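Read-outs throughout are calculated quantities, based only on the coordinates presented, and are distinct from any laboratory measurement. Treat the numbers as computed from the prediction; the structure is a model and nothing was measured. Virtual Cβ from ideal backbone geometry, glycine too; neighbours counted across all protein chains shown.
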Amino acid sequence: MSNPTITVIGSINVDMVTTTDVLPNQGETLVGREFHIKPGGKGANQAIAAARLGANVNMIGRVGQDKNGTDMLQVLKDENVSTSMVKTVANVNTGIANILLSNRDNRIIIVPGANDEVTPHFLKQFKKEIIQSDLVLIQFEIPLETILYCLDLCYENNIPIVVNPAPAKELPYDYWLKATYITPNETEAEQLFKGREKESALNNKLIITKGENGVSYYKNDELVNTPAYSVTPVDTTGAGDTFNGALCVALSEHKSLSAAIHFANAAAALSIQKFGAQGGMPTRSEVDSLLTE
């Protein structure tokens with residue numbers, strides 16, 4: 001059986017990561033401990049997570065005509081992610097994420113740059129490739145109208161689509177129903193779906209990630225809780241992206257939802273034991289090994 005093809009439509013960023021013992025108050029200057037420049041962006045992260053786990057991954061996105069853009073394209077190629085549908089934008093910077101790490105937690109500010117040019121018009125040239133995918137994965141670091149276009153296109157062509165609503169944006173209710181699965185974390189779920197988790201229309205779509213408290217979802221009106229692996233985190237920055245990439249790999253391999261979540265939990269647990277959003281993303285053999293322990 002050939003490996004599944006997953007198309008990731010989303011952001012490509014460069015992460016500028018500062019680690020500090022204490023976060024500064026307003027107007028305060030503190031001395032940090034470390035500074036790193038790392039490849040990132042939820043789209044690129046999730047694409048790499050899926051590729052390391054064995055999927056054929058197409059990335060659709062945009063970068064600037066700058067060194068960051070050149071570097072990010074090379075990173076994706078080195079990770080065996082197809083970049084034929086990643087195009088440059090003139091006179092616009094590649095997306096940037098400023099990340100503060102403190103006490104095993106993170107705070108992030110994003111400057112979208114070229115990611116704002118991932119428009120429906122841009123996507124239309126790749127319509128054939130999108131509807132030939134086994135599964136499509138999107139996140140919310142691209143324009144809202146593009147998210148709606150992707151949901152319409154996949155729904156009309158019966159292509160499974162996983163929606164990771166991060167950062168949280170409201171969608172018209174009918175569009176949530178076009179998603180195959182929706183994967184908010186607890187904060188995003190509170191913002192977008194508070195009190196609606198049990199609605200029958202959303203019942204089998206919402207998969208809520210809860211960090212060290214695992215994952216919850218409703219199956220036929222019954223709440224199911226899947227515990228997380230107990231590990232000591234080094235950097236939680238890429239955990240959600242690893243979970244989403246891994247979940248899509250498992251679903252595209254026709255694993256049951258419970259098995260797919262278990263697989264994705266294992267991948268996320270491995271990812272947070274190393275530094276960097278992409279740096280800790282595990283290989284298939286590493287996940288399989290943890291699952292058999």
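About its Cα centre, how strong a charge dipole does the chain have in debye, to the nearest 20, once Lys and Arg get +1 and Asp and Glu get -1 at the Cβ?
For this selection, approximately 400 debye.
Could you list log10 I(q)/I(0) for region 182-293 at q = 0.15 Å⁻¹, which the Debye formula gives when each Cα is one point scatterer?
With no solvent term, the Cα-only Debye profile gives -0.62.
With the Cα gyration tensor of region 77-217 in hand, convert its eigenvalues to equivalent ellipsoid semi-axes via √(5λ) and list them largest first in whole Å.
25, 22, 14
Taking only the alpha-carbon positions of region 1-85 and ignoring solvent, what does the Debye formula give for the base-10 log of I(q)/I(0) at q = 0.13, 0.16, 0.25 Å⁻¹?
Log10 of I(q)/I(0), two decimals: -0.51, -0.67, -1.13.
Specify whether the C-alpha gyration tensor of the chain places it in the rounded, prolate or oblate class, a ≥ b ≥ c being the square roots of the eigenvalues: rounded for a/c under 1.5, otherwise prolate if a/b is larger than b/c and oblate if not.
Values: a/c = 1.34, a/b = 1.09, b/c = 1.23.
Verdict is rounded for the chain.
Determine ³J(HN,Hα), in whole Hz, for all residues of region 62-79 in sequence, where each value follows from phi through the Karplus function 6.51 cos²θ - 1.76 cosθ + 1.60 and θ = phi - 60°; x replaces Gly and Pro.
9, 10, x, 8, 9, 4, 4, x, 4, 5, 5, 4, 5, 4, 4, 4, 5, 8
GNM on the chain, C-alpha springs below 10 Å: top fluctuator among 82, 252, 102?
102
Once you order the gyration tensor axes a ≥ b ≥ c over the Cα atoms, which shape class does region 166-231 get: rounded for a/c under 1.5, otherwise prolate or oblate by comparing a/b with b/c?
Oblate shape, in that a/c is at least 1.5 and b/c is the bigger or equal ratio.
Between 66, 235, 116, which gets the highest mean-square fluctuation from a Gaussian network model of the chain, Cα cutoff 10 Å?
With Cα springs under 10 Å in the chain, the top fluctuation among 66, 235, 116 is at 66.
Place the peptides 24-36, 149-161, 185-197 in order of packing, highest mean first, counting for every residue the other Cβ atoms within 10 Å and averaging per peptide.
Working: 24-36: 9.0, 149-161: 18.2, 185-197: 14.9.
With the highest mean Cβ count within 10 Å placed first, the list reads 149-161, 185-197, 24-36.
Would you kindly derive the ³J(HN,Hα) couplings of region 206-211 from the backbone phi angles with the Karplus curve 6.51 cos²θ - 1.76 cosθ + 1.60 (θ = phi - 60°), listing them in order in whole Hz, with x for Gly and Pro?
Values per residue, Gly and Pro as x: 7, 10, 9, 8, 10, x Hz.
Can you list which of the trypsin sites (Lys or Arg not before Pro) found in region 62-162 are DSSP loop residues with at most 11 other C-beta atoms within 10 Å? Could the numbers behind the result be given before it?
On the way: sites: 62, 67, 77, 87, 104, 107, 124, 127, 128; in loops: 104.
The qualifying sites are 104.
Tell me which residues come under 5 Å, amide H to amide H, from residue 214 once H is placed; ignore anything under 5 positions away on its chain.
228
Counting pairwise Cα distances across region 53-150, what percent come out greater than 16 angstrom?
So the pairs more than 16 Å apart make up 62 percent of the total in region 53-150.
Mind checking which of 268, 179, 90 has the largest fluctuation in a GNM of the chain, springs on alpha carbons under 10 Å?
Sorting by GNM fluctuation, first place goes to 90.
Put +1 on the Cβ of every Lys and Arg and -1 on every Asp and Glu Cβ in the chain; which of 287, 23, 270 then has its Cα farthest towards the positive end of the dipole?
Positive-most Cα among the choices belongs to 287.
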